[in-house]
1. When the gyration tensor of the chain is built from Cα positions, what are the square roots of 5 times its three eigenvalues, in whole Å, from largest to smallest?
2. Enumerate the calculated ³J(HN,Hα) couplings along the stretch 86-96 in order (Karplus 6.51 cos²θ - 1.76 cosθ + 1.60, θ = phi - 60°), each rounded to whole Hz, writing x wherever the residue is Gly or Pro.
3. Dipole of the stretch 13-134 (Lys/Arg Cβ +1, Asp/Glu Cβ -1, origin at the Cα centre): which of Q26, A84, S16 lies farthest to the positive side?
4. Order by neighbour count: E67, E56, fewest other Cβ atoms within 10 Å first, most last.
5. Pick out, in residue order, every one of the trypsin sites (Lys or Arg not before Pro) in the stretch 51-151 that is DSSP loop and has at most 13 other C-beta atoms within 10 Å; say none if there are none.
6. Size of the dipole of the chain about the Cα centre, Lys and Arg at +1 and Asp and Glu at -1 on the beta carbon, nothing else charged, in debye to 20?
7. If every alpha-carbon in the stretch 27-108 counts as one equal scatterer, what log10 I(q)/I(0) does Debye give at q = 0.10, 0.12, 0.17 1/Å?
8. Once you put a point 7 Å from the Cα of V55 and another 7 Å from the Cα of A100, both along the Cβ direction, what distance in nm separates them?
Amino acid sequence: MTLAPPTPDILTPDLSRLFDAALAAQGRAYAPYSRFPVGAALRDEAGALHAGCNVENAAYPVGTCAEAGAIAAMIASGGRRIAALLVLGPGPGLVTPCGACRQRIREFAGPAVRVHVADATALRASFTVGALLPDSFGPDNLGADPRGPHA
């Protein structure tokens, strides 16, 4: 399946805050091997912002994606639902979340939640979680409360 054509949104104040947080996180990325720094920022259900960056490791499989870092920061701060997410990376191609991160995002976001993709200068595209991971498996398949056991 191909993704829907990019539909960049106007940089609203909310998107501007996500963009700024992701850009700042990208600047702190630890990417000495790939030289491909990525930042991500999300807004949770209470409106709080959480950011993350990729953190590489000499043992490649144990690195962490920026989206995973932002999700971990949200959970550590008490957030449980992603309301919007922005991923910011370099290069001419769109830096969309990898497959594993798409599943991580799905754990905390419904199919209509927007995932925005940017480079350091502009918003490049916007997708829904449903477009990035169609017919996905999530907490609802298991009858789980996505807010977690402490809700």
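1. Working: eigenvalues 97, 66, 51 Å².
That gives 22, 18, 16 Å for the three semi-axes.
2. 10, 10, 10, x, x, x, x, x, 6, 9, 8
3. Towards the positive end, the residue furthest out is A84.
4. On the way: E67 28, E56 18.
By the 10 Å Cβ count, ascending, the order reads E56, E67.
5. Here the sparse-neighbourhood loop sites are R147.
6. Values: 12 positive and 12 negative charges, 29 e Å.
With Lys and Arg at +1 and Asp and Glu at -1, about 140 debye.
7. With no solvent term, the Cα-only Debye profile gives -0.22, -0.32, -0.63.
8. In this crude label model, V55 to A100 measures out at 1.4 nm.
Throughout, read-outs are computed from the coordinates displayed, never taken from laboratory work. Computed from a predicted structure; not experimentally measured. Cβ atoms come from the backbone with ideal geometry, glycine included; neighbour counts cover every protein chain shown.
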